[in-house]
1. Considering only segment A:118-139, how many residues are in a helix (DSSP H, G or I) and in contact (Cβ under 8 Å) with a residue 24 or more places away in the chain?
2. Looking only at residues in segment B:253-276 that are within 25 Å of the chain's Cα centre (by Cα) and over 13 Å from residue B:209 (Cβ atoms), which one is surrounded by the fewest Cβ atoms within 10 Å (Cβ to Cβ)?
3. Filter segment B:56-77 for residues that are outside any strand (DSSP E or B) and either within 19 Å of residue A:73 (Cβ to Cβ) or at the interface with chain A (Cβ under 8 Å from one of its Cβ atoms) (or both) and give the result.
4. With respect to residue A:181, determine if the residue is touching a strand residue (DSSP E or B) at 6+ places or on another chain (Cβ under 6 Å), within 24 Å of residue A:242 (Cα to Cα) and among the aromatic types (Phe, Trp, Tyr).
5. Do the conditions hold for residue A:12, that is, is it within 9 Å of chain B (Cβ to nearest Cβ) and out of contact with any Gly (no Cβ under 7 Å at 6 or more places or on another chain)?
6. Would you check which residues across segment A:80-92 are on the phi < 0 side of the Ramachandran plot, in contact (Cβ under 8 Å) with a residue 40 or more places away in the chain and more than 9 Å from chain B (Cβ to nearest Cβ) and list them?
7. Quick one: which of A:168, A:142 is assigned to a helix (DSSP H, G or I) and either surrounded by 22 or more Cβ atoms within 10 Å (Cβ to Cβ) or of a type outside the set (Phe, Trp, Tyr) (or both)?
There are 2 protein chains.
Amino acid sequence: MRLSRYFLPVLKESPRDATIVSHQYMLRAGMIKQSSAGIYSWLPLGFKVLKRIEQIVHEEQERAGHIAMLMPTIQSADLWRESGRYDDYGDEMLRITDRNKNDLLYGPTNEELITDIFRSHVSSYKALPLTLYHIQWKFRDERRPRFGVMRGREFYMKDGYTFDLTKEDAMHAYNRHLVSYLRTYERMGLQAIPMRADSGPIGGDDTHEFLVLADTGESEVFYDAAVTDLSFGDRDIDYDDVTQCAEVMEEFTAKYARTDETHDQALFDAIPADRQRTARGIEVGQIFYFGTKYSDAMGATVQGPDGKPTPVHMGSHGIGVSRLLGAIIEASHDDKGIIWPEGVTPFHVGIVNLKQGDADADAACQSLYAAVAALGLEALYDDRDERAGSKFGTMDMIGLPWRITVGPRGLKNGVVELTSRKTGESEEMPPEQAIAKIGEIYRAHGLGSGPSK
Amino acid sequence: MRLSRYFLPVLKESPRDATIVSHQYMLRAGMIKQSSAGIYSWLPLGFKVLKRIEQIVHEEQERAGHIAMLMPTIQSADLWRESGRYDDYGDEMLRITDRNKNDLLYGPTNEELITDIFRSHVSSYKALPLTLYHIQWKFRDERRPRFGVMRGREFYMKDGYTFDLTKEDAMHAYNRHLVSYLRTYERMGLQAIPMRADSGPIGGDDTHEFLVLADTGESEVFYDAAVTDLSFGDRDIDYDDVTQCAEVMEEFTAKYARTDETHDQALFDAIPADRQRTARGIEVGQIFYFGTKYSDAMGATVQGPDGKPTPVHMGSHGIGVSRLLGAIIEASHDDKGIIWPEGVTPFHVGIVNLKQGDADADAACQSLYAAVAALGLEALYDDRDERAGSKFGTMDMIGLPWRITVGPRGLKNGVVELTSRKTGESEEMPPEQAIAKIGEIYRAHGLGSGPSK
């Protein structure tokens, strides 16, 4: 994309009501614009990151064998009356009456709707196990929306629902989700620690939240420092292998890690003192096993191997897709702006032309731009007639991990400059070498193989 | 995808309230499930087609230089009061009050919101031309929702907004959209004819609707038979070339083609009698130029080259993404089910194993399945222990354009059967040849280049 043809309304100042850095930077980098309290438009740069994150979530869900679908945003109140949650849910539910005086609501979650789909179409245990998920906009009418997309009212979420014949099978689904979530967050450059949590209004027995450590987190967390040494890495996993998934679960949850809601001081005190940590965390996902709560209430049974109707064991599993943008920025920024991890960056490389209008510089930039596209990657080419300082400032704020700087002086020596946003280190090299290095960096993240369409 | 692990609830019977074939087949093929009047869940197969269509729309919009973003579903009533449409819009607007007694609404369209974004961020003519678009769920509280996704209440739509300094520039944006829409529909295997139309509540001077001819269409249309001979084909187009775009506009709109709303009998009678046609059509898109209607009302001005504030000329341009599934099925089906055009099919090929459990047949199917994936395409492998007739019936209903049938008898002769859903013709050939042919067919549609991830 050529910046002169893009829509990137970078702001010089932070709006006063933005109190945390991710909210400030998303506004300043021209990623979002508030349209009403807790409701945002995603400007082109923000939308690109949102799509990158959504794509990673889809890929990892499909890898785990989960099936994508899509439920609507507006639901009938009837199903919620059946489950008993219509009255329970409280003021956070956005209740709506249509022109025919029917009670509707903007879905804050989808247990009822998916259970209805299941009971309408599945009658035999032979169709199990089954995991259906969707990524859809949801609405929670927060009393005090704040922190930008971190606690918005309209938010984008992946929620998946598992249906199994037995508790044992359901726990495998639970473990499988934990594994897929570990992979998902790591691909986004995040360490998200599974912590034993409280189930809240969804209900349920077993539940873990995934928390990203950050000073601005809404939860106080207590953990054994050893959990931060764990990483899933690129290990191969067979999602059908019950033992393998259970071992990962054990590895990542055996050590103490809890939010304030489930904190147990005695257990915490038993951790060696030099490993006891208290910090703040941002919740970016949660997995639940809730047994037959909804299948009992709504009659979601299958015929079991014994021919008898058996209520299915269910779980629900969520990732806060729009919220992740805030969490990633909270975890990865400096005082100049955002630092995107390679896996989610909106553009893979920025090209800065130091002297727009200089024939050699323009040609070199154009050729680098084409070379990046030929790698199947996307460049943002700052072709505006602006001072170098302003171009660098924009690139630093929007946080592309790699920048190629092109100027007439360097070109005379046959070199351009490749700069890492994270370390700030620059290296001069011939343009072809810069392209080769960019290709190599992104291949390590599974990105860019052939020409982009 | 292995069918035994998929969620494809094919129905034997059509629900009674489904009166048109696309609605019937979408239900019978397990693509959608109604959750309340005019509101649908997209089951996995339906969701896959929806994503294919969305992807084509994105690709063609980006090709035309339009910039993707995303506006929220819930809007504040304030902006609509500013434009004067809050009261005008009538009962089709879903009006909502939140917990703090603020008036909200579920957006039926986005002129107000995009104009607000524009006026907040753009102050100079130098940022023009600008085209921003999004694909988002919308809601129109239809009095009588019907015909499945063709006239639903919650629907998925691409709407794009153009901002230009002059009417002349805005008309280029209008023509550019017409060109991009012709390409878009043709990639979906549809002939959509641009017809002069009425602007309705959006307001405006120039507007064309794109109509797909089908007996079940809601509009009566009148046209010169010569328009159906036109096709955009794979001609190369420079979207910045004003003349080139205007020529395409002229070519595709010079001949008489109008809906009943704008029909002019005298002009129609002037067409040679043997070319006069009356038919029904399904509206799948519309382009509008409406000048400064919203920029005047909402103060969206830029500083012009003369330094004076100038209201921008605007247009809005829509494609009914979810409705397109219905339109495609209305245009492409037979009495056995759907016939997907290659460009939008949920799976590129179906593999039917005639004797599940037979070691040779199972191995051959597995190997074909892997070979399709290696082409970067997706197969649906019917690996269920079912009769051949039932497997064929399912494949015919869900409408995959190509089917490979594998049985022990054929394998003894080294062949499988490749069948076209459209013509019903089958050909025996070695498995490698079937794969080569599949690869060739889809390459002609720009699909499948390397292994799918």
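1. 4
2. If we take residues in segment B:253-276 being within 25 Å of the chain's Cα centre (by Cα) and over 13 Å from residue B:209 (Cβ atoms), then B:254 is surrounded by the fewest Cβ atoms within 10 Å (Cβ to Cβ).
3. B:59, B:65, B:69, B:71, B:72, B:73, B:77
4. Judged against the criteria, residue A:181 is a match.
5. no
6. If the condition is that a residue be on the phi < 0 side of the Ramachandran plot, in contact (Cβ under 8 Å) with a residue 40 or more places away in the chain and more than 9 Å from chain B (Cβ to nearest Cβ), then A:82, A:83, A:85, A:88, A:89 are the ones that fit.
7. A:168
Here is a yes/no grid of residues against (1) in contact with a His (Cβ under 8 Å, 6 or more places away or on another chain); (2) of a type in the set (A, V, I, L, M); (3) more than 25 Å from residue B:177 (Cβ to Cβ):
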{"site": "B:58", "(1), (2), (3)": "no, no, no"}
{"site": "B:64", "(1), (2), (3)": "yes, yes, no"}
{"site": "B:69", "(1), (2), (3)": "yes, yes, no"}
{"site": "B:74", "(1), (2), (3)": "no, yes, yes"}
{"site": "B:83", "(1), (2), (3)": "no, no, no"}
{"site": "B:86", "(1), (2), (3)": "no, no, yes"}
{"site": "B:91", "(1), (2), (3)": "no, no, yes"}
{"site": "B:95", "(1), (2), (3)": "no, no, yes"}
{"site": "B:101", "(1), (2), (3)": "no, no, yes"}
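The values are calculated or read from the model by the stated rules, or taken from the named source; none is laboratory data. Quick caveat: nothing in here was measured; it's all calculated off a predicted structure. Positions of Cβ are generated from backbone atoms using ideal geometry, with glycine treated the same way; all protein chains shown enter the neighbour counts.
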